[in-house]
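The structure under discussion appears below in the form of structure tokens.
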Amino acid sequence: RRSYRTIQENLFVGVGVVHVLGITAALLGWIGPIQAAVLHLGPDILVQAKASVEPLLIDQRRFSYVPTYYPNAEDPRSAGDLPLAPGQAQRGVDFRLRRVATVAVQGNIVATAGEQRGVMVYLLPRSSVGLTEKSPFPVVDGRFEFSAVLPGSYILVAERFGETGGAVSSARAELDVHDRDITGIALALIRPGELAGKVHLESAKASTARPDLADTNRNLQVSLQRLDDDGAFISASADGSGKFLLKGVSAGHYRVLVNNLRNALYVKSIRVGDYDVMETGLDLSRGITPGDISIAVSANGGTLKGRARNDSGSNPGGVQVLAIPTSGTRRLKTAVTDQNGHYEIKGLAPGDYRVFAFEDIESGAAEDPEFMKRFIDKSSKVTIQELATETVEAATITTVISRAGQ
């Protein structure tokens, strides 16, 4: 979903005038190597620059150049997208790198000497995982150190890779960094494990025949998605009875997803032992917990139907209609209007929804809450009850949509 391209050069850089701890000085000199990373997000890119320079010590405090995103933002969420057309040369993508107060993060890998070989450690900002480059730090004699860390909340990850390149053991920890060095962190490597489970169908309340899970969901798939890395999935296919086995599950916090579920069904609950983990997620930060995953799906959902209508009063076909829950972690459901502008969405869990109708929308954009807020005034609100049908005429959004767009 995302790719990186990196260019490194030794550059002669002027850093104007800086003001540090009451001392003003003009600096002009070598900062190198400078690293420029191009992060692709669909048709748009984010550009990052950073300098691999040792921290400057002033009064026992470290001052370091921090990664900067175009146009001069230190938080990737505040970065500006840079749309590029094929063959286009974009000039003026300039950066101003500055030193800021940073701290060191140090720790050890808890493992035998042999298991410490091949271990890489990552420090990922918790608020922008997936928007930052995953730069590994090697472990030397069981120790690791990040020498220039900004205050903030992070995910600390250690992974040991085998001969085939896959992670054979790992450890993860949440870390809050303030204004002091953090030392003595111990990361204990845990080997991946297995999680078994079963999808079962709740009894239908309607008088219609009970749907047969074996006949209608042969391609049913259960996935674990890391909450700290939205691109990391572990998946398994369910057999005819709904049983599945997830392999290679490492330590972490996961969301449980059910894919290829028949339209008329919805996921009602996801339980591990006595706990429903559908909203909270499955916490495996201390390793695999005993107990199978039990997923209940229901045929007692509601239905949303109607027509899409544009500003001229006609009912266009090919419009994507989205039913997005207003709360919780349930996934949106979609339908495309037919040639007469009609749509129908079945298997909606009881609750409140926002209904949007896009004539054009970038793939994946509807999963971005901040992006969807731009169009909240063009949506309709509806409440879905069990086995009930609601009718909504959805006003189309005709703007050509991109997350870097208007």
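Descriptive notes on the structure:
- Heavy-atom accessible surface of M120, to the nearest 10 Å², is about 50 Å², with a 1.4 Å probe and all protein chains retained.
- Measuring between alpha carbons in the structure, the pairs from K247/K333; K305/K381; K198/K333; K243/K346; K268/K346; K243/K268 lying more than 19 angstrom apart are K247/K333; K198/K333; K243/K346.
- D181 contributes an accessible area of around 80 Å² to the protein surface, as traced by a 1.4 Å probe with all chains present.
- Solvent exposure, largest accessible area first (probe 1.4 Å, DNA, RNA and ligands not counted), of Y343, Y70: Y70, Y343
- Most positive-pole-ward Cα, L348, T389, G328, against dipole of segment 325-406 from beta carbon charges: G328
- Sequence of K268, K333, K247 when ordered by accessible area, the most exposed leading, probe 1.4 angstrom: K247, K268, K333
- Residues F144, F233, ordered by accessible area of protein heavy atoms at a 1.4 angstrom probe radius and largest first, appear as F233, F144.
The values are calculated or read from the model by the stated rules, or taken from the named source; none is laboratory data. It should be emphasised that the depicted structure is a prediction, and the values quoted were computed from it without experimental measurement. Reconstructed Cβ throughout: ideal geometry from the backbone, glycine too, with neighbour counts over all protein chains shown. Just the protein is used for accessible areas: all its heavy atoms, side chains included, with ligands, DNA and RNA removed. Shrake-Rupley method; radii C 1.70, N 1.55, O 1.52, S 1.80 Å.
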